[in-house]
1. Looking at (1) surrounded by 10 or more Cβ atoms within 10 Å (Cβ to Cβ); (2) modelled with pLDDT under 75, which one does residue 6 not meet, given that it meets all the others?
2. Quick one: which residue in 90, 58, 18 is surrounded by 11 or more Cβ atoms within 10 Å (Cβ to Cβ) and either at pLDDT 85 or above or among the basic types (Lys, Arg) (or both)?
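The values are calculated or read from the model by the stated rules, or taken from the named source; none is laboratory data. Quick caveat, the model's predicted, so the values are computed rather than measured. Cβ sites come from the backbone with ideal geometry, for glycine too, and all protein chains shown count toward neighbours.
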Amino acid sequence: MSTLLKWVIAIIVIVGIGFLVWWSGWFRSSNTNMQAAVATSTATTTTATTTQQVPTNGMSAANDSSDAAIAQDAAAVDLQMQALSKDDAGVAASLADKPVTQSY
């Protein structure tokens, strides 16, 4: 084997090992810890300033306990349960589906 071919193979192996080390996350660990610390401090700051909760999925605000809010929440839960039943029926039908034989 010529020395040029040996050098090319050695460089390819070194680059491959470097890529695997980078891909496994050894070089990103300190950067990830710093990003997590920044995200935690940002979340703490955001949580402290947020006082009003926004309704989600048709539900009323979490701090609303009026009769209208309870009725709204009950209706939203009913709709979500109906959607769950439809999804469950679809999954059950797909699991019970028989394979189709194909002829060539």
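1. (2)
2. After applying the criteria, what remains is 18.
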